Structure formats: structure tokens, C-alpha cells
Amino acid sequence: MTLEELVQALDLRPLSPAAPGDAEITRGYASDLLSDVLAHAPAGGVLVTFQINLDVITVAGYAGLRAIIFSRGRMPEDGFLERAAGEGLSLFGSQADTFEIVGRLYELGLRGSPHSRSKRPVAGARSPVWSRAVAGARGLLT
């Protein structure tokens, strides 16, 4: 999906014209923790965040992202536009919350970081330990 198609589909408000509208976006990432973005955001992707400090631009540039979507109507300060242009980033605003934006991105075919799939079992998965814990809890409740 191109950046321009993304803007149209999500009804985003362009805040800067830094990246070309025909830039291909295939992955996305959502986080407000900048160290997490730096470690896991996919290069060439889009970041959805609530953070509006200048460090977001720096981290997104290091991570090789193409665009940032600020959720819940958050608007960056004036220094953002120049800094984003220097990093080759497009900035967009949305009134929607992060959860809704990410859900819509997924519906449009974008996926998360390829290294976001953990090999660890999901907490609460039906393992022998979990089954014993549930059985014990049931014994306490009866």
C-alpha cells in the first residue's frame, strides 16, 4: 500500500510532505516506548504513537521508518516539521486512538514487525502448570 493510499483509507491529516506519496508501506508498529521502537520497528514502515516529543523523530529516523501517525488528535510542536523533513519522514495526525488505527492498518493488509513474534508461550496458555493452577483455584472456590 502506498503512503497516499494509507492517508486516504485512514482519513489522516498530513502534517508534512517529506516522504513521497508513492512510497510503499507494508509494515507498521505501535508503541510509545522509544527504546521499543528503536529495537523492533520495521524499516520502511509506519509508526503509530501518542508521543509528541522531538525524540520520536530521531528514533524513527534511526529505525528507518517512513512515516509517523500521531493518535488521539495529538499535534506535534513547530520544530517537528523541520526535523522530520531532515529525516525524510512524513507526519500525519488522526483523531482515532492507537488501537483503532492499528486495527484499520491490519484490515488494510499491513502487518507488524517480522521479529515481533515471540517464541515464548503466551501467558495463560493451556500448559501443565496452568492446568494445575486452575485446578488448585477451583478447589479453593468450592
Would you mind checking which residues have amide H under 5 Å from ALA30's amide H? H placed 1.01 Å from N; only 5 or more apart, or other chain.
VAL48
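Among DSSP beta bridges whose residues both lie in region 3-117, state the antiparallel percentage, nearest 5.
15
Got the relative contact order for region 3-117 handy, in percent, Cα pairs under 8 Å and 6 or more residues apart?
It rounds to 31 percent for region 3-117.
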So if I restrict to the alpha-carbon atoms in region 3-117, what is the Rg, and what is Dmax, the biggest pairwise distance, in Å?
12.3, 36
Cα-projected label distance for ARG111 with THR58, points at 7 Å along beta-carbon direction, nm:
3.3
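If Rh is defined by the Kirkwood formula over all Cα pairs and Rg also comes from Cα, what ratio Rg/Rh do you get for region 1-58?
Here Rg/Rh amounts to 0.95.
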Work through the residues other than TYR29 whose Cβ is under 12 Å from its Cβ and net out their charges, Lys, Arg +1 and Asp, Glu -1.
+1
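None of the figures in this text is laboratory data; all of them are computed from the coordinates on show. Values in this document were obtained by computation on a predicted structure and should not be read as measured data. Cβ coordinates were reconstructed from backbone atoms using ideal geometry, including for glycine residues, and neighbour counts include every protein chain displayed.
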